[in-house]
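This report refers to the structure that appears directly beneath it.
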Amino acid sequence: MTSDPAGRPEPDSAVTWRFSVNGDPVEVAAPGMRRLLDVLREELALTGTKEGCGEGECGACTVLVDGVPVDSCLVPVCQVEGARIATVEGLAEPSPEGLVLDQLQQAFLEAGGAQCGICTPGMLMAARAYLDDGGTADEDAIREAIAGNLCRCTGYTKIVDAIAIAAGGRR
Amino acid sequence: MPVEPPIATPTSLADAYAVLAGSTADDPITPIAGGTDVMVRITGEIGAPPARMVDLSRLDALRGITVDGGAVILGARTTYTEIRRSDACREHLPALVAAAATIGAAQIQNRGTLGGNIANASPAGDTLPVLLVLDAEVIVGGARGERSIPVADFWVAYRRTALAPDELILRIRIPVAGGREARFRKIGTRRAQAISKVVLALAWREGPGAATAGPARAWTDVRLALGSVADRPIRARATEAVLEGVAPTPATANAAAEALAAEIHPIDDVRSTADYRRAVAARALHRMIRDAAGW
Ligand SMILES: Cc1cc2nc3c(=O)[nH]c(=O)nc-3n(C[C@H](O)[C@H](O)[C@H](O)COP(=O)(O)OP(=O)(O)OC[C@H]3O[C@@H](n4cnc5c(N)ncnc54)[C@H](O)[C@@H]3O)c2cc1C
């Protein structure tokens, strides 16, 4: 940042922020209060992360910061300096035959857990964090894990089924 | 696009105080901790966005949960997820853990902080009634030094606090009183991601009595606090007086519920009505007493 003679933060000014996205180091020059959501979509062209409400209610913009789900519309880029960011683009694994969907994405396809698709990237990331944290196929626990992600199409049942499948429990 | 106010990113408390030395009531420098309130303000859709900001995320002095000198001390940047996972909180402050579990959902609990809930001073802030019934103190600091403010004196008017423009909340001290019980209840539209229509917390101690079983022991040091029923979180002192020194019998619960309905003066707003809030607060208190007494 820069400051005026009284030491107060002054406008300007792109600062260079360094962090990693899906394992790759990135450098972004942006004002510190730019939303992580905008940095991902506009600066880094990772448009998998969606903007729904822009105020933390809907979870469409959920990404993982150091493994933990957050709403990227509520995180300023200055707070991710040095952090590991994971977005939906990082779920599928490259292979000689092309990208291979991860188990959770596969389960969403199998169960019909996606309709219009706007909530899907955020749902997947919230669910990924839940599973990485040892989450099981327990329905109540799954519903709590995705309580911050709104879906206006599916009625949630098939999303819950998909996460349960990925957790190793067929319902 | 949201506005992007200039922001300072100090790495020490001394540097943060130096930045905040330029913060005045007319031209404030707004701190950001977890950002779950203040990032909504930069959309400009709920009033003027902040003009200048200071980031607290690099200040390790504002982190950590410790038990010390008969109190649990929580750094201002303690998140709801940290509260839920803390052994010290689970052992000594189950009502605070219960409140933390109702706030937003995972994404909000991972970022939102206790200090932010206190400083934001919403009448609906869910931890605030818990802090009131547990006699918490807010330790604040700035270039002029530190001071401790009892929570009962912290919220001075609608969304106004006792914090000076150049001060930060550093930590929250909650005395661990032996034998104290506390309960929390929130009524919202759904279980997650809901702003409270009514939120209440109750604390008491069981008075000395015969070691005989049964619900006959009197309660002492009764504290009852509510959110979303006034312009700030409040203690319900007249209702406390009804409960103080008597056993939690059905008659006591009836009298306390009636006293609470008469004592509070909620308003109609987008989230609920005055009538509903008064009725549900009274019923929730009644239920809390019944559950605690076991009849
Ligand atoms: C979708 C959603 C759901 C929510 N649900 C709930 C809910 O159920 N219950 C509830 O109570 N709240 C809820 N909130 C509000 C919010 O999450 C909480 O109030 C949270 O505790 C704010 O903490 P923060 O660290 O994110 O605050 P920030 O947004 O960083 O800051 C909030 C205010 O406090 C000031 N501040 C922060 N830390 C300090 C400090 N250490 N010293 C001085 N000033 C400081 C900031 O300047 C700002 O004015 C919700 C918010 C969202 C977006």
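The values are calculated or read from the model by the stated rules, or taken from the named source; none is laboratory data. Just so it is clear, the model here is predicted, and its values are computed rather than measured. Cβ atoms come from the backbone with ideal geometry, glycine included; neighbour counts cover every protein chain shown. Areas reflect the complete protein model, heavy atoms only, side chains present, ligands, DNA and RNA absent. Shrake-Rupley method; radii C 1.70, N 1.55, O 1.52, S 1.80 Å.
Entry note, the range A:1-134: relative contact order of 23 percent, from Cα contacts under 8 Å with a spacing of 6+ residues.
Here, the range B:60-175 yields an orientationally averaged convex hull projection of 6.8 nm² when only Cα atoms define the hull. Helical runs (DSSP H, four residues minimum) scored at -39500 (n - 2.57) apiece and divided by the length of chain B put the mean residue ellipticity at 222 nm at -8500 deg cm²/dmol.
For the range B:220-231, 3J(HN,Hα) computed residue by residue from phi via the Karplus equation (6.51, -1.76, 1.60; θ = phi - 60°) reads 10, 6, 6, 10, 10, 9, 9, x, 6, 10, 7, 6 Hz, glycine and proline entered as x. What the Kirkwood sum gives for the range A:93-166 is a hydrodynamic radius of 12.4 Å, with every pair of different alpha carbons counted.
Counting, for every residue in B:14-25, the Cβ atoms of other protein chains within 10 Å of its Cβ and taking the mean gives 2.
Think of chain B as having a plus end and a minus end, set by charges on the Cβ of Lys, Arg, Asp and Glu; of B:129, B:148, B:257, B:257 sits farthest toward the positive end of this dipole. Per residue, the accessible area of the range B:139-295 comes to 48 Å² when a 1.4 Å probe rolls over the protein heavy atoms.
Comparing A:77, A:15, A:63 in a Gaussian network model of chain A (Cα springs below 10 Å), the most mobile by mean-square fluctuation is A:15. For the range B:7-55, the Kirkwood estimate of the hydrodynamic radius, built from every pair of different alpha carbons, is 11.4 Å. Annotation: amide H of residue B:170 within the under-5 Å range of B:139, B:140, B:141, sequence separation 5 or more or interchain, hydrogens built in the peptide plane. Normalised by 2.2 N^0.38 Å, where N is the number of residues, the alpha-carbon radius of gyration of the range B:181-293 equals 1.08. Global size of chain A: 17.5, 64 Å for Rg and Dmax (C-alpha atoms, Rg to one decimal, Dmax whole). Between the alpha-carbon centres of the range B:168-193 and the range B:220-295 there is a gap of 16 Å. Calculate I(q)/I(0) for the protein assembly as shown by the Debye formula, one identical point scatterer on each C-alpha and no solvent, and give its log10 at q = 0.08 Å⁻¹ to two decimals. The computed values of log10 I(q)/I(0) come out as -0.52.
Legend: residues B:265, B:92, B:286, sorted from most to least accessible area (1.4 Å probe; ligands, DNA and RNA excluded), read B:265, B:92, B:286. Across chain B, C-alpha contacts under 8 Å between residues 6 or more apart give a mean separation that, scaled by the residue count, equals a relative contact order of 14 percent. Atom-type composition of the exposed protein surface of the protein assembly as shown places 51 percent of the accessible area on carbon and sulfur (1.4 angstrom probe). For chain B, modelled as a GNM whose springs connect Cα atoms under 10 angstrom apart, the maximal fluctuation among B:192, B:230, B:100 occurs at B:192. Ranking A:139, A:144 from most to least accessible surface, computed with a 1.4 Å probe over the protein chains only, gives A:144, A:139. Counting Cβ atoms of other protein chains within 10 Å of each residue's Cβ and taking the mean over peptide A:53-60 gives 5. Taking Cα atoms only, the orientation of helix B:274-293 departs from the longest principal axis of chain B by about 60 degrees. Going from the chain on its own to the full set of protein chains, the range B:88-107 has these residues losing 50 Å² or more of accessible surface (heavy atoms, 1.4 Å probe, no ligands, DNA or RNA): B:107.
The reciprocal of the average 1/r between distinct C-alpha atoms defines the Kirkwood hydrodynamic radius, which for chain B equals 19.9 Å. Annotation: per residue accessible area for the range B:7-55 equals 39 Å², rounded to a whole number [probe 1.4 Å, protein chains only]. The GNM of chain A, with springs linking C-alpha atoms under 10 angstrom apart, assigns the highest mean-square fluctuation among A:76, A:31, A:94 to A:94.
Straight-line reach from residue B:197: taking Cα to Cα under 22 Å and skipping same-chain neighbours fewer than 8 places apart, the lysines in range are B:186. Interface A-B: total buried accessible area of about 3000 Å², 1.4 Å probe, protein heavy atoms only. Excluding ligands, DNA and RNA, the accessible surface per residue across chain A is 44 Å² with a 1.4 Å probe.
Within chain B, antiparallel bridges make up roughly 85 percent of the DSSP beta bridges whose residues both belong there.
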